[in-house]
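Notes to accompany the following structure.
The values are calculated or read from the model by the stated rules, or taken from the named source; none is laboratory data. For clarity, every value in this text was computed on a predicted model and none was experimentally measured. Here the Cβ is made from the backbone with ideal geometry for all residues, glycine too, and neighbour counts use every protein chain on show.
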Amino acid sequence: MDHQDYFTQKEEERAARQDRFRFAAGMTDFVGVILGVLVILIMLLLIFSLVNWLKRDISNTFTLINTRFS
């Protein structure tokens with residue numbers, strides 16, 4: 001094996017390793033975005049649930065107050 005073949009092989013190995021890291025970083029970004037969207041959707045559902053509960057609670061409270069003072 002001559003000197004030039006050795007450096008060509010090392011350069012190819014370095015490029016392959018860099019491609020694997022780039023692919024892994026891209027997959028990590030993709031998974032992070034998907035998880036972030038899921039967390040946002042769950043938080044929106046929780047907020048809507050809280051707002052609906054609050055509406056029902058306020059309605060029940062005023063109904064109870066009206067029945068006690070009538």
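Would you pick out the residues in the range 33-70 that are of a type in the set (Gly, Ala, Ser) and either touching a residue at least 40 places away in the same chain (Cβ under 8 Å) or loosely packed, with under 10 Cβ neighbours inside 10 Å (or both)? I'd like the intermediate steps shown before the answer.
Applying the first criterion (of a type in the set (Gly, Ala, Ser)) to the range 33-70 yields 36, 49, 59, 70.
If the condition is that a residue be of a type in the set (Gly, Ala, Ser) and either touching a residue at least 40 places away in the same chain (Cβ under 8 Å) or loosely packed, with under 10 Cβ neighbours inside 10 Å (or both), then Ser70 is the only one that fits.
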Some residue of the range 6-20 being surrounded by 10 or more Cβ atoms within 10 Å (Cβ to Cβ), at pLDDT 95 or above, hydroxyl-bearing (Ser, Thr, Tyr) and assigned to a helix (DSSP H, G or I): no
